[in-house]
Amino acid sequence: AQRVTQPEKLLSVFKGAPVELKCNYSYSGSPELFWYVQYSRQRLQLLLRHISRESIKGFTADLNKGETSFHLKKPFAQEEDSAMYYCALSTLLEYGNKLVFGAGTILRVKS
Amino acid sequence: NAGVTQTPKFQVLKTGQSMTLQCAQDMNHNSMYWYRQDPGMGLRLIYYSASEGTTDKGEVPNGYNVSRLNKREFSLRLESAAPSQTSVYFCASSDSKRTSGLYSEQYFGPGTRLTVT
């Protein structure tokens, strides 16, 4: 079964502290994983995807196939990082793909 | 470009009423999707349309119908609304072609907040 698990509903950290948002997945094929972010009163938008291996807004995420994880990390949290974060798994359809989302983690960065 | 637009932004219905949520995209994408967002459950796929003229059920299709009117527009209809359909509804679109072995990202609309009393 295709499943994405985000074990934390809420993660609260102080500004300047490291952040790690956990994501585990279950998928029999070769996974394509994403992190989407939803800031207050804004639409859901792509933050990063595993294949790009780039840092966006200081965030990175490494795909660990052995542990079936795709945790999102940032060394020093900023107040503007406060948002809802969703981990998502791309799964194949007959034509195209669809996304399976985790339940989401609210990140609150306190000053 | 406006990207993905949705109407209405807010709606309150009484149990048993019907309504249609509208979605349009101006990015010439082949695929369009309808998700619902509920606390603690993330986004769940209701229906999708891989290309113009085709629609398929997602994870939670019961109580909904869709129409892919043309390449730009994909509507979601609630024939007889129930309180369990109180949710935030998101439309999304993407290019279904693979580039460099990857599917393109999905672009989301601003959402429709629906309350059924």
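Results, tabulated for the structure shown:
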| quantity | calculated |
| --- | --- |
| Pair list, Cβ under 6 Å, 6 or more apart: the stretch B:40-51 residue among the charged types (D, E, K, R), other residue in a loop (DSSP other than H, G, I, E, B) and surrounded by fewer than 21 Cβ atoms within 10 Å (Cβ to Cβ) | B:Arg44/B:Glu59; B:Arg44/B:Val60 |
| Exclusive hit being at pLDDT below 90 and in a strand (DSSP E or B), set A:Ser28, A:Ser90, A:Ser12 | A:Ser90 |
| Any chance A:Arg43 is touching an Asp or Glu at 6+ places or on another chain (Cβ under 8 Å) and facing another protein chain (nearest Cβ under 8 Å) | no |
| Of all residues in the stretch A:78-111 being more than 18 Å from A:Cys23 (Cα to Cα), more than 7 Å from chain B (Cβ to nearest Cβ) and hydrophobic (A, V, I, L, M, F, W, C), the one that is surrounded by the most Cβ atoms within 10 Å (Cβ to Cβ) | A:Val109 |
| Members of the stretch B:53-65 that are within 14 Å of chain A (Cβ to nearest Cβ) and farther than 18 Å from A:Leu92 by Cα | B:Gly53, B:Pro61 |
| Selection count where residues are in contact with an Asp or Glu (Cβ under 9 Å, 6 or more places away or on another chain), in a loop (DSSP other than H, G, I, E, B) and within 11 Å of another protein chain (Cβ to nearest Cβ), scope the stretch B:23-52 | 3 |
| Index of the failed condition, B:Arg77 passing every other in (1) buried (at least 16 other Cβ atoms within 10 Å of the Cβ); (2) closer than 17 Å to B:Pro8 by Cβ | (1) |
| Qualifying residue in the stretch B:107-114 (condition: part of a strand (DSSP E or B), facing chain A (nearest Cβ under 8 Å), under 26 Å from A:Arg41 (Cα atoms) and at pLDDT 95 or above) | yes |
| A:Ser55 vs. criteria away from chain B (no Cβ under 13 Å) and more than 23 Å from A:Val109 (Cα to Cα) | no |
| The lone exception for B:Ser93 - which of (1) in contact (Cβ under 8 Å) with a residue 60 or more places away in the chain; (2) in contact with a helix residue (DSSP H, G or I) (Cβ under 9 Å, 6 or more places away or on another chain); (3) closer than 30 Å to A:Glu8 by Cα it fails | (2) |
| Residue satisfying all of: in the stretch A:18-40; farther than 24 Å from A:Glu80 by Cα and aromatic (Phe, Trp, Tyr); surrounded by the fewest Cβ atoms within 10 Å (Cβ to Cβ) among these | A:Tyr27 |
| Check on B:Lys71, over 28 Å from A:Leu48 (Cβ atoms) and either within 12 Å of chain A (Cβ to nearest Cβ) or touching a Gly at 6+ places or on another chain (Cβ under 6 Å) (or both) | no |
| Residue among A:Arg43, A:Arg3 that alone is surrounded by 11 or more Cβ atoms within 10 Å (Cβ to Cβ) and without any contact (Cβ under 8 Å) to a residue 24 or more places away in the chain | A:Arg43 |
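The values are calculated or read from the model by the stated rules, or taken from the named source; none is laboratory data. Here the structure is a predicted model, which means the values were calculated and not measured. Positions of Cβ are backbone-derived with ideal geometry, glycine not excepted, and every protein chain shown enters the neighbour counts.
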